[in-house]
Each structure stands twice: as structure tokens, then as C-alpha cells.
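First the structure, in the form of C-alpha cells, and then the observations on it.
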Amino acid sequence: MRRLKWSVLLAFALLIGGFFHYVLPQHDVVRIVGTSVQRMDLGTNAWFFAAPDAGNAQVPGGTREVKFIETFLADGRPMVFRNEDTGWGWPPYFKMNSFDVQTRATDLTSTEAAPRWVMVTHYGWRNQFMTIFPNALRLKLVASPDVRVFPWFNTLFFISLGVALLALRRAWLRFRADTVEPMIDEAEAAWDRADAAQDRARGALARWWRRLLGRSG
């Protein structure tokens, strides 16, 4: 039973960790080699794509054109980003400038002989099996591929989340002490009174029965 409990807790922790890893911003320094627009028929991977660009209608069947930014990481591995508006949807980045991002990506295109390194702020995952791509949010020209950014947003987010959870736990403990525990104590007292009354009733019935048998004899 204990093993099952820890397995459930581990699965829940992995689910929550995966959720935050997907939606929180990440940073990659890349060299942009091209941009493109492709028509895609989204199927089971539609969950990993944003809504149509702001102001555009949803095409029946999940078919729409998706903007892509084609890059290479510093170690030579290819990395492809999609470039979609999030609008007012989820995750709440309120991105509505995908066309401007695409134009800037085209302008920052470079060659291996004369590289221009660009920091891409994005969220999401790259998975070839499911054909999903991280969504580029912002592009910033940097001096070298060794540039790193401290994750201030993620750090402040988790600190705020921790404070909120502690405040929620404190509120629950206070509510339990002020409301739940008195109700439980009262219920236990009422149960004890009912049990005592039942014992008295059984005793009275037993005495009446003994008197009745005594008279009959």
C-alpha cells in the first residue's frame, strides 16, 4: 500500500512538473537559418498548438498555416520553433505580434561562416514523434552563444506560488481549528451521549424484563 501511495505521489509530481516545464518561459541561444510558413492538418497534436493568429477564424478540421523559425543551436543541433499568437488564450503570454517576430527572425538570418546569435524566449517542447514545436515569444540579438539569462520570471513565479501555498495552508489550518475540529468534537460528544443513552435504555429494558420474569415465576 505504501508503494502504491508513493507511486501515485510520484506520478502526480511528474505531471505537475511537466506542466510547469511546458508553460513557463525558457531561453535558447541559436543561429537562425531560415523562416517558413507551412499548412498543417492538426490532429492529436492540436493540443500543443496555439489558437489561430489574433483576428483569424478557426478553419474546420484543424487545418491552418503555421509560421516556423528554423535554427541551429551552438552545438550544431537543429531546432525548429513555431511562431504563433497566444492571444487571450493559454498560456497567458498575450502574444499578438507573431508577424513582427517572423519579420525580425528573417532579418536576423545568418550563415555558419558569419553567425549572428539570437536568444529565443519560448515555451513548449520539441518532439519529432508527435510533430510539436516550442513557440517563440521574443527574439534578442546577443554577442555570443555563451550568453545565459537568469530565469527571474520562473524564480519569482515559484516563490509566489510557494508563498500562496503557505498562505493557503495557514488559512486551512485556522479554518480547521476554528470550524472543523469543533464540529468533530461536537459530533463525537453527541455520539457519546447517544451511546450512553442507548446503554441506559438497554439497562432499563433488562431490569424491566427481569422484573417481568420474577412476577411470572
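This table checks each residue for (1) over 30 Å from residue 42 (Cβ atoms); (2) in contact (Cβ under 8 Å) with a residue 12 or more places away in the chain.
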{"position": "145", "(1), (2)": "yes, yes"}
{"position": "153", "(1), (2)": "no, yes"}
{"position": "183", "(1), (2)": "yes, no"}
{"position": "186", "(1), (2)": "yes, no"}
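For the stretch 37-49, the candidate set comprises residues that are surrounded by 14 or more Cβ atoms within 10 Å (Cβ to Cβ) and of a type outside the set (Phe, Trp, Tyr); within that set, the residue that is farthest from the chain's Cα centre (by Cα) is 40. Considering only residues that are modelled with pLDDT under 95 and within 22 Å of the chain's Cα centre (by Cα), look in the stretch 133-151 and name the one that is farthest from residue 48 (Cα to Cα). Across the stretch 133-151, the extreme among qualifying residues is 150. Restricting attention to the stretch 171-187, does a residue exist that is under 30 Å from residue 24 (Cβ atoms), assigned to a helix (DSSP H, G or I) and not aliphatic (A, V, I, L, M)? Yes; the residues of the stretch 171-187 include at least one that is under 30 Å from residue 24 (Cβ atoms), assigned to a helix (DSSP H, G or I) and not aliphatic (A, V, I, L, M).
Every condition in (1) within 20 Å of residue 18 (Cα to Cα); (2) assigned to a loop (DSSP other than H, G, I, E, B) holds for residue 150 except the one numbered (1).
Filter the stretch 81-118 down to the residues that are of a type in the set (A, V, I, L, M) and out of contact with any Ser or Thr (no Cβ under 9 Å at 6 or more places or on another chain), then identify the one that is surrounded by the fewest Cβ atoms within 10 Å (Cβ to Cβ). Here the residue is 113.
Looking at the stretch 128-143, is at least one residue touching a helix residue (DSSP H, G or I) at 6+ places or on another chain (Cβ under 9 Å), aliphatic (A, V, I, L, M) and not in a strand (DSSP E or B)? Scanning the stretch 128-143 turns up at least one residue that is touching a helix residue (DSSP H, G or I) at 6+ places or on another chain (Cβ under 9 Å), aliphatic (A, V, I, L, M) and not in a strand (DSSP E or B).
May I ask you to list the residues in the stretch 59-80 that are basic (Lys, Arg), surrounded by 17 or more Cβ atoms within 10 Å (Cβ to Cβ) and at pLDDT 95 or above?
Listed by number, the list holds a single entry, 67.
Of all residues in the stretch 8-58, those satisfying the criterion of being among the polar types (S, T, N, Q), at pLDDT 85 or above and within 18 Å of residue 127 (Cα to Cα) are 26, 38.
The values are calculated or read from the model by the stated rules, or taken from the named source; none is laboratory data. Values in this document were obtained by computation on a predicted structure and should not be read as measured data. Note that we place each Cβ from the backbone using ideal geometry, even for glycine, and neighbour counts take in every protein chain shown.
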